[in-house]
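A.B. asks: Got a structure here, written out as structure tokens. Questions coming.
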Amino acid sequence: MKDLSRVLSLIERGFSSLRVLVVGDVMLDRYVWGSVDRISPEAPVPVVRSLNTTSVPGGAANVAMNLAGLGAHVTQAGYWGADLEGRELGELLSKAGIDVSGMIESAHPTISKTRIMARRQQLLRMDIESPAAHSANEHNALLDRAVQLVSAVDAVIVSDYAKGTLDPALCRVVIDKARDRGIPVLVDPKDKSFAKYAGATTICPNLVELSLATNIDSANLRELISAGERLVKETRIDFLTVTMSEKGILLVFPDSSVHSRARAQEVFDVSGAGDTVIATLGVCLASGLDAEAAVDLANVAAGIVIGKTGTVPISRNELVAELTASVATRGPEKVLDDEQLLLRSAEWRATGHRIVFTNGCFDILHIGHIALLEQCREFGDKLIVAINSDASVVRLKGPTRPVVKQADRARLLAALASTDAITIFDEQTPLSLIRRIRPDVLVKGGDYNAATVVGAEDVMSWGGKVEIVPFLPGHSTSNMIARMSTHRVSEPAKRG
């Protein structure tokens, strides 16, 4: 992925400053989880023994959940009913930190889908919804509320599930208002005609939806892309974002297209993958990333959620863990300041990684350092190396040290496959840093014991371990400096 340092910085810090409005068909997804071991004597159907029931926000509300998982501030707009499902949905959204001030109470029931699941397979789905149109009062209330909310956000996502929320009038007002403000507006379409979405930044159909909109068979990809290019011009959008399942995502511009390939992934459930794609695209475009970088990141996010069962949103912890795992040998992205390191370590911990911490001056990198770091890596999944700043080394070693400046020492360590994060501390010891990171394993090289290692007591207090790795005999920075000094003194005699 290009410009990975910027992408990681945005995920870890930039997305949290964004405000995004999601307008669309809000629903509640219920899952009845059970087991099947017999066929009913009443009819040739399996008997499901219910074990537990879970509920999650679905439809446009799942887009909002994905945005919240990425760290954005989200406002949800749409309809829900004055019923148990509506109250449950409101509680779930509020618990995720999503503002529901854009929701309008409707005379219709809250849209809900109940899926009967056994052994990770869906056996049946039961939907509750009303086919009738919303009243004029309800429509006008949502229209007024949406217009107010567009004025206070950095991006708008229009999530259409063809359940009656997004009529042409509402789409037109929301899209025009967003474009007048110069903010991106993204559409997940359901109408066969894309006319009501005209003027958006991007429309995000899947292959079937694009096929229906263009009357071109989805099997004829070349012709479908050409039709997509024409559609971009006709609808006055910047580009189409076409999701193609295991084939990845296709960006279609007025006169060209770009294919972002999907990452290899075992697929358990594609429910909500399109919601994850549009949510990731939304925060990326609002942050100023170009379309190609945005769709590459959306592809990574989609690859994560399809490996789960049910409607499950993405989290930025998962996204960072996936990105850092795939670029473990790239150096610049590993050198982190204090805030970045705290975020990165929290993300690693949230995804089940065991964190190892070690520290030192690491002045003039040598084989002893390499051996130490390789052993450190064996104690866990992610290795953080904290190095003393130049000022700190002077206080410890004297005015002739360090030989190698802190930025160069950090970059050299980051180039090693054994390391995952490098940070620089200015204090005499890394105790404060250890307490903030709370590593699972603290490693120190040399003739120490647990009682004399800085931070050992703290690490053991939260259930961590302390490991002592002996130095490699005959290898130290001091010895290297001494040998170099001897060599310089003897050189003139040799030339004479």
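The values are calculated or read from the model by the stated rules, or taken from the named source; none is laboratory data. None of the values given here were measured: they were computed from a predicted structure. Cβ: placed from backbone, ideal geometry, glycine included. Neighbour counts: every protein chain shown. These area figures cover heavy atoms from the full protein model, side chains too; ligands, DNA and RNA do not enter into them. Shrake-Rupley method; radii C 1.70, N 1.55, O 1.52, S 1.80 Å.
A.B. asks: Report, ordered by the first and then the second residue, all pairs with beta carbons closer than 6 Å, sequence separation of six or more or different chains, a first member in the range 170-189 that is farther than 22 Å from V26 by Cα, and a second member that is outside any helix (DSSP H, G or I) and of a type outside the set (A, V, I, L, M).
C.D. replies: Close Cβ pairs satisfying both conditions: R179/G199; I183/D154.
A.B. asks: Same structure again: Considering only residues that are open to solvent by less than 30 Å² (accessible area, probe 1.4 Å) and part of a loop (DSSP other than H, G, I, E, B), which ones fall in the range 176-219?
C.D. replies: Scanning the range 176-219 gives I183, P184, P189, F194, A198, G199, A200, T201, C204, P205, I216.
A.B. asks: Another question about this same structure. For the range 96-105, indicate whether the set of residues that are open to solvent by less than 70 Å² (accessible area, probe 1.4 Å), among the hydroxyl-bearing types (S, T, Y), under 25 Å from A68 (Cβ atoms) and in contact with a helix residue (DSSP H, G or I) (Cβ under 7 Å, 6 or more places away or on another chain) is non-empty.
C.D. replies: no
A.B. asks: Say we look at the range 2-26 and pick out the residues that are open to solvent by less than 10 Å² (accessible area, probe 1.4 Å) and of a type in the set (D, E, K, R); which of these is modelled with the highest pLDDT?
C.D. replies: For the range 2-26, the residue satisfying everything is D25.
A.B. asks: Hey, any hits in the range 236-254 for a residue that's among the hydrophobic types (A, V, I, L, M, F, W, C), closer than 30 Å to L8 by Cα and surrounded by fewer than 17 Cβ atoms within 10 Å (Cβ to Cβ)? If you could, list the steps in order and put the result at the bottom.
C.D. replies: Filtering the range 236-254 down to residues among the hydrophobic types (A, V, I, L, M, F, W, C) leaves 237, 239-240, 242, 244, 249-253.
Among the residues that remain, those that are also closer than 30 Å to L8 by Cα are: 237, 239-240, 242, 244, 249-253.
From what's left, surrounded by fewer than 17 Cβ atoms within 10 Å (Cβ to Cβ): 253.
Yes.
A.B. asks: If D29 satisfies every condition in (1) in contact with an Asp or Glu (Cβ under 8 Å, 6 or more places away or on another chain); (2) surrounded by 21 or more Cβ atoms within 10 Å (Cβ to Cβ); (3) of a type in the set (D, E, K, R) but one, which is the exception?
C.D. replies: With respect to (1) in contact with an Asp or Glu (Cβ under 8 Å, 6 or more places away or on another chain); (2) surrounded by 21 or more Cβ atoms within 10 Å (Cβ to Cβ); (3) of a type in the set (D, E, K, R), D29 is out only on (1).
A.B. asks: Let me confirm something: among R261, R222, R230, which residue is modelled with pLDDT of 95 or more and surrounded by fewer than 16 Cβ atoms within 10 Å (Cβ to Cβ)? Steps first, please.
C.D. replies: Details: R261 fails: modelled with pLDDT of 95 or more; R222 fails: modelled with pLDDT of 95 or more.
Of R261, R222, R230, the one residue that is modelled with pLDDT of 95 or more and surrounded by fewer than 16 Cβ atoms within 10 Å (Cβ to Cβ) is R230.
A.B. asks: May I ask you to verify whether R349 is surrounded by fewer than 21 Cβ atoms within 10 Å (Cβ to Cβ) and modelled with pLDDT of 90 or more? Please lay out each step first, then the result.
C.D. replies: Numbers: surrounded by fewer than 21 Cβ atoms within 10 Å (Cβ to Cβ): yes; modelled with pLDDT of 90 or more: no.
The answer is no for R349.
A.B. asks: So the check is Cβ under 8 Å with 6+ separation or different chains; which pairs have a first residue in the range 325-340 that's farther than 17 Å from L416 by Cβ and a second one that's at pLDDT 65 or above and hydrophobic (A, V, I, L, M, F, W, C)?
C.D. replies: If the second residue must be at pLDDT 65 or above and hydrophobic (A, V, I, L, M, F, W, C), the pairs left are D338/L433.
A.B. asks: So which residues in the range 369-378 are buried (at least 18 other Cβ atoms within 10 Å of the Cβ) and more than 31 Å from the chain's Cα centre (by Cα), if there are any at all?
C.D. replies: H369, L372
A.B. asks: Let me ask something additional. List pairs: first in the range 226-252 and under 14 Å from V187 (Cα atoms) and in contact (Cβ under 8 Å) with a residue 24 or more places away in the chain, second aromatic (F, W, Y) and assigned to a helix (DSSP H, G or I), Cβ under 8 Å, 6+ apart or cross-chain?
C.D. replies: That search, which allows pairs on different chains as well, returns T235/Y197; I237/Y197.
A.B. asks: Among the residues of the range 379-397, are any modelled with pLDDT under 95, within 29 Å of the chain's Cα centre (by Cα) and open to solvent by 40 Å² or more (accessible area, probe 1.4 Å)?
C.D. replies: Yes: one or more hits.
A.B. asks: If the requirement is being more than 20 Å from V312 (Cα to Cα) and hydroxyl-bearing (S, T, Y), which of these qualifies: S112, S94, S40, S55?
C.D. replies: Details: S112 fails: more than 20 Å from V312 (Cα to Cα); S94 fails: more than 20 Å from V312 (Cα to Cα); S55 fails: more than 20 Å from V312 (Cα to Cα).
The conditions single out S40.
A.B. asks: Which one of A133, A141, A152 is open to solvent by 20 Å² or more (accessible area, probe 1.4 Å), in a loop (DSSP other than H, G, I, E, B) and under 19 Å from C171 (Cβ atoms)? Give the steps one after another, and end with the answer.
C.D. replies: Details: A141 fails: in a loop (DSSP other than H, G, I, E, B); A152 fails: under 19 Å from C171 (Cβ atoms).
From the options A133, A141, A152, the qualifying one is A133.
A.B. asks: Moving on to the next point. When you check A43 against the structure, is it small (G, A, S), out of contact with any strand residue (DSSP E or B) (no Cβ under 8 Å at 6 or more places or on another chain) and not in a strand (DSSP E or B), yes or no? Break it down stepwise before answering.
C.D. replies: Working: small (G, A, S): yes; out of contact with any strand residue (DSSP E or B) (no Cβ under 8 Å at 6 or more places or on another chain): yes; not in a strand (DSSP E or B): yes.
Yes, satisfied.
A.B. asks: If you don't mind, there's one more thing I want to ask. Out of the range 429-465, which residues are free of Cβ contacts under 8 Å to residues at least 60 places away in the same chain, among the acidic types (D, E) and open to solvent by less than 60 Å² (accessible area, probe 1.4 Å)?
C.D. replies: Of everything in the range 429-465, just one residue is free of Cβ contacts under 8 Å to residues at least 60 places away in the same chain, among the acidic types (D, E) and open to solvent by less than 60 Å² (accessible area, probe 1.4 Å), namely D458.
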